[in-house]
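Comments concern the structure below.
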Amino acid sequence: MAKSHASSGWASDAPTPAQFKEFFAQIEKGRITKSSLQGFLRSGKVTKTIEKQKQEWFYFYRRNFGLELDFSSLKIPEQQSGFERLIIVAQGLTLNQVYDVCAKNFSCSRYADDLDETITWNSRNSDKDNYAVWFRDRKETDEELKNLSADQLTEKKIPGITLLERLLYELKYWDETDEHLDISNWTLCAGSRDADGRVPSVLWDSDRLRVRWGFSNVRSGYLRSRAAVPCLPKAD
């Protein structure tokens, strides 16, 4: 239990005046809304509304890619419990584009110079339109999926993150926090394959973002996918 100051009754790890100042500044900027604050008071975690996340993605694409996008008609997948991180993929966005923006912000390495040419299959793509997909809002990849290979995830019909979605998630997380995802584990990008059927994976490795590949039957406690909640195709 945190210690309290005898004179004020405040816990020793209570927010500082500077943090209160930043808190009210965030309210003035609209980053903390009435609904998100209420969600924090009830659960201890700030939950962003869908409209708030869409707004953040609008400014994210404007700032990092010079794109002016309209998400007013964007189809949002039905949200499932525990899946609170919305990733929006812009129409026509390429792996090389996202990787290059990452490389402008922090050190990166990749197993192939041209990721667009190397990655030949993705379970989702934005060739025709923008799309959205939900993930768990976690710094480390899903522990529930450890020791499951890409082949096993396919057998279990568990949709996994694509390489493009994972790189976007990295850049968005960095944009928000100045920190990186997956310090201790690799994200298995089970939603993508190269021409030889190999599966890319991503990790922040001490001082750089690393993109590597492995065979689709490889499994490990440190190699885990991120489960996706995408829009389901319409029934015929």
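The values are calculated or read from the model by the stated rules, or taken from the named source; none is laboratory data. Predicted model, so just to flag it, every value in this text is computed and none were measured. Every residue, glycine as well, gets a Cβ built from its backbone with ideal geometry; the counts of neighbours run over all protein chains shown.
Miscellaneous remarks
- Only strands (runs of 3 or more DSSP E) whose full extent lies in the range 61-134 are considered here, and the ones with at least 1 residues that are in contact with a Ser or Thr (Cβ under 7 Å, 6 or more places away or on another chain) and closer than 21 Å to Asp196 by Cα are 119-122.
- Checking each residue in the range 104-120 for being touching a strand residue (DSSP E or B) at 6+ places or on another chain (Cβ under 7 Å) and over 17 Å from Val202 (Cβ atoms) picks out only Thr120.
- Test: residue in the range 39-61 that is modelled with pLDDT of 95 or more, loosely packed, with under 13 Cβ neighbours inside 10 Å and over 19 Å from Phe135 (Cβ atoms): yes
- Considering (1) in a helix (DSSP H, G or I); (2) without any contact (Cβ under 8 Å) to a residue 24 or more places away in the chain; (3) of a type outside the set (D, E, K, R), the lone condition that Trp174 does not fulfil carries the number (2).
- Qualifying residue in the range 143-151 (condition: closer than 25 Å to Asp114 by Cβ, touching a Ser or Thr at 6+ places or on another chain (Cβ under 6 Å) and of a type in the set (A, V, I, L, M)): yes
- Residues being touching a Lys or Arg at 6+ places or on another chain (Cβ under 9 Å) and not in a helix (DSSP H, G or I) - total across the range 141-171: 10
- In the range 184-231, of all residues being small (Gly, Ala, Ser) and outside any loop (DSSP other than H, G, I, E, B), the one that is surrounded by the fewest Cβ atoms within 10 Å (Cβ to Cβ) corresponds to Ser220.
- Some residue of the range 79-89 being over 20 Å from Arg138 (Cα atoms), surrounded by 15 or more Cβ atoms within 10 Å (Cβ to Cβ) and basic (Lys, Arg): no
- Condition check for Tyr111: closer than 19 Å to Glu170 by Cα, touching a Cys at 6+ places or on another chain (Cβ under 8 Å), surrounded by 12 or more Cβ atoms within 10 Å (Cβ to Cβ) and in contact (Cβ under 8 Å) with a residue 12 or more places away in the chain: no
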